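The values are calculated or read from the model by the stated rules, or taken from the named source; none is laboratory data. None of the values given here were measured: they were computed from a predicted structure. Every residue, glycine among them, receives a Cβ derived from its backbone with ideal geometry; neighbour counts consider all protein chains shown. Keep in mind that these areas ignore ligands, DNA and RNA; they rest on the heavy atoms of the full protein, side chains included. Shrake-Rupley method; radii C 1.70, N 1.55, O 1.52, S 1.80 Å.
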Amino acid sequence: MAFRRYYFERTGVADAHGVPQVVEPGALRRVLFGEVVPGAQYQVFCAQPALRSWYEWFLGGETFLHRRKIIRHIAPGQAGIGTATQAHYDLVYLREGSDQVLSAWIPLGDCPVSLGGLTYLEGSHHRVLREEAAGTLKRPAASITADLPGLAEEYDARWLVADYAAGDVVIHTAHTVHAALDNVSSSMRLSTDIRYQLAGTSIDLRWQSHWHDQDGL
């Protein structure tokens, strides 16, 4: 919650209650990519012991946090193709390193379904793993589809979602198909997604610069 307050104060995209505010795009970009993303507050949040120690316990050794970490603020009404995160799995963006990368999606504040949290395609990693291993899945570094009901029918699976709360962390593998729902509330959705893997394993060097919306990834 402290980082949420800091983010809204510095960017001005919402007030303390999450009510969206009008911000000049150029000023927002300067603060977001010049101050917040590379800043100490964000690094401290992403590397806090509660996160890093869990990864070390789960992976069984020293861990590595990718420098490219993404913060998303999604305003009410931002929906559909080009706005909401479409169905995808992370490996298509991280092929130049180990496939044993675990992503953490963290809602920065309470995130009920109406705010547009992450949704997961149940059991999708089993099919993706099989097709990746067989070399039959030739996915480009792009989304699979914006048609979530159609993809669920293709996979014969359900989309799973929850009302997330401040302090929750959702962790998924690079093979798990997921997407974001539209924000149909009256408040700003704020979240971050970061990635850890075991230190010493192959690292995708393209993800070792700070995130920018024009970094090509």
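List of remarks:
- Which numbered condition Gln100 fails, given (1) within 25 Å of Asp204 (Cβ to Cβ); (2) in contact with a Phe, Trp or Tyr (Cβ under 6 Å, 6 or more places away or on another chain): (2)
- Checking Ala180, Ala133, Ala166, Ala162 one by one, the residue that is over 27 Å from Tyr6 (Cβ atoms) and among the aliphatic types (A, V, I, L, M) is Ala133 and no other.
- Tally of residues being modelled with pLDDT under 95, over 13 Å from the mean Cα position of the chain (by Cα) and part of a loop (DSSP other than H, G, I, E, B) across the range 63-96: 12
- Meets criteria (farther than 27 Å from Gly216 by Cβ and polar (S, T, N, Q)) for Ser114: yes
- Flag if Gly123 is on the phi > 0 side of the Ramachandran plot, surrounded by 14 or more Cβ atoms within 10 Å (Cβ to Cβ) and more than 17 Å from the chain's Cα centre (by Cα): yes
- Number of positions in the range 150-188 that are without any contact (Cβ under 8 Å) to a residue 24 or more places away in the chain and open to solvent by 60 Å² or more (accessible area, probe 1.4 Å): 4
- Qualifying residue in the range 4-27 (condition: modelled with pLDDT of 95 or more, more than 19 Å from Asn183 (Cβ to Cβ), open to solvent by less than 70 Å² (accessible area, probe 1.4 Å) and not in a helix (DSSP H, G or I)): no
- Residue count for the range 30-44, restricted to those that are open to solvent by 40 Å² or more (accessible area, probe 1.4 Å) and in contact (Cβ under 8 Å) with a residue 24 or more places away in the chain: 3
- Residue identified as among the charged types (D, E, K, R) and part of a strand (DSSP E or B) among Arg206, Arg130, Arg195: Arg195
- Single residue of Ala146, Ala141, Ala165 found to be out of contact with any strand residue (DSSP E or B) (no Cβ under 6 Å at 6 or more places or on another chain), within 30 Å of Glu62 (Cα to Cα) and modelled with pLDDT under 95: Ala141
- Any chance Tyr55 is among the aromatic types (Phe, Trp, Tyr), open to solvent by less than 80 Å² (accessible area, probe 1.4 Å) and either touching a helix residue (DSSP H, G or I) at 6+ places or on another chain (Cβ under 9 Å) or over 11 Å from Tyr196 (Cα atoms) (or both): no
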